[in-house]
Amino acid sequence: MTLSLISTHTGSNSAALEVLTGITNAYDEYQFHFYNLVPVNDGVDWQFQVDTGTNANWNMYVTSTAHNAWHKEGNVSDDSEQNDTDDQQNADQAYINLTGTVGSDSYEALSGVLALYAPASTAFLKQYISRCVAREEDYARDHHRSGMIGTAASSAGSGETSAITRIRFRFESCNIESGVIKMFGVK
Amino acid sequence: MPDIDKINNVAVADISKLDSITFADGQKVNNQDVSLVTDARVLIEAQTFTNESTVSFDSLGGTSYMAHLFQFINIHSDNNDVQFRFASNVSDDHQWANFVEIKHNETGTDDTSWAYDGSHDTLLNASTKEANLAAGLGSVATESLSGYLYIYGLNNTPLQHGKNWYSRTSHHSEDDYNVFTINQGIIVHDGSNANDAISQIDFTMSGGTFDGTIRCFGMALA
């Protein structure tokens, strides 16, 4: 078996779920599986940031892409588009949106997977790919993301590659009512 | 039933994990019920390399895996603005693929939605051996690509028609974009529905050498 469970993190009216240990050079790929995460408030984005352990400000430098597809109940609306509001340029240093808005009704939640590649590398920027599905206001949405993470401001490929050792997940502006994150190492 | 002292001549107390056990191997270990995974991913081969022009996985034949998963870790091109690509070793095979990418540059001055890129598509009967998995890779020291490729039915077992594949990669382009590439296609044999089993997959850049790690996993049948 090549997918090894490292830790489980359960939200219960939590401000954030932080993984502060276990991200090392033991694996070249870490997968974070999201199971039915629900926000306390309606209509908020699911986000993450990382840090190096010495910088605990959760403000690394990310260049990312974002694409959403959707379908509304009753076939009222269906389409897909790039989403400028969910991608980042290097200077933003903000939390990275893995979804668009997620609903808080009893039957609404998000699930998905984030793959973070070689976080312990000190040679390269860190690549990630994610895919999440979520529901809000009768919309089923499919969120595709990718990005590359630097640990200092971009300067044409230098000084950006300290090891990443920690990751923090949260909803944009409210607590996590419930849900589970499992971190796996892939080998 | 007595407890088991050793498995494969290793003391049970010394075993911290069990790999590659299939359902056929048994249902109890040390007289304890175990849940045996029947669709596990099995590591077939891992290659970490530098300055290679071709990275070959040449022992893929004769297995019954339903699919093969190739994991790409920090693939770094030694030449600027090149394509990362793959092909089979069967001489009459060629590729029929759709190449789609979305990208955003570091300074936030440009981004594009998913778009087919006809220059990297490969057409049926074009006799193109290689399919591009990503385009425009950068060669600056910190620039790389990571992601994965699934290929189904390489050995015609149990899938005997066409080798479907799809890939997802994220990379740092030569002009400082993050590029998310979704690609999917079929390895077509001799432009027809005839299919030979494939025993080797080769990865190359469109020019020059490259570095990184590629792992090949087999997706086991139940």
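Worth a mention:
- Average beta carbon contacts from partner chains per residue of A:142-148, 10 Å cutoff: 6
- Distant-in-sequence amide H partners of B:L133 (H built 1.01 Å from N, under 5 Å): B:F84, B:R85, B:F86
- Table column - 3J(HN,Hα) (Hz), region A:53-69, Karplus curve with 6.51, -1.76, 1.60, x for Gly and Pro: x, 8, 9, 9, 8, 6, 9, 6, 9, 10, 10, 9, 10, 8, 9, 10, 10
- Using only alpha-carbon positions in chain A, the gyration tensor eigenvalues give semi-axes of 27, 19, 15 Å once each is multiplied by 5 and square-rooted (largest first).
- Label-point gap, in nm, between A:L5 and A:S80 - each point 7 angstrom along Cα→Cβ: 3.2 nm
- Reachable aspartates and glutamates from B:K103, criterion Cα separation under 17 angstrom, eight or more residues apart if same chain: A:E81, A:D84, A:D86, A:D87, A:D92, B:D81, B:D111, B:D117, B:E143, B:E174, B:D175, B:D176
- Cα-based reach from B:K129 at 16 Å (exclusive), listing aspartates and glutamates while leaving out same-chain residues under 8 positions away: B:D92, B:D93, B:D121, B:D190, B:D196, B:D202
- Peptide A:122-131 - average C-beta neighbours from other chains (10 Å radius): 6
- Relative to the Cα centre, the charge distribution of region A:103-187, modelled as +1 at Lys and Arg Cβ and -1 at Asp and Glu Cβ, gives a dipole magnitude of about 600 debye.
- Among A:14-22, A:143-151, B:50-58, A:86-94, sorting by the average number of other beta carbon atoms lying within 10 angstrom of each residue, highest first, gives A:143-151, A:86-94, A:14-22, B:50-58.
- Using a Förster distance of 56 Å, the FRET efficiency for B:S119-A:N175 (Cβ separation, nearest 0.05): 0.75
- Efficiency of FRET between A:T122 and B:S64 - r from beta-carbon atoms, R0 51 angstrom, step 0.05: 0.80
- Annotation: the protein assembly as shown has a Kirkwood hydrodynamic radius of 22.5 angstrom, from the mean reciprocal C-alpha pair distance.
The numbers here are math on the coordinates, done by the rules we state, and not lab data. All of these numbers come straight from a predicted model, not from anything done at the bench. Don't worry about glycine lacking a Cβ; one is built from the backbone with ideal geometry, like all the others, and counts go over all protein chains shown.
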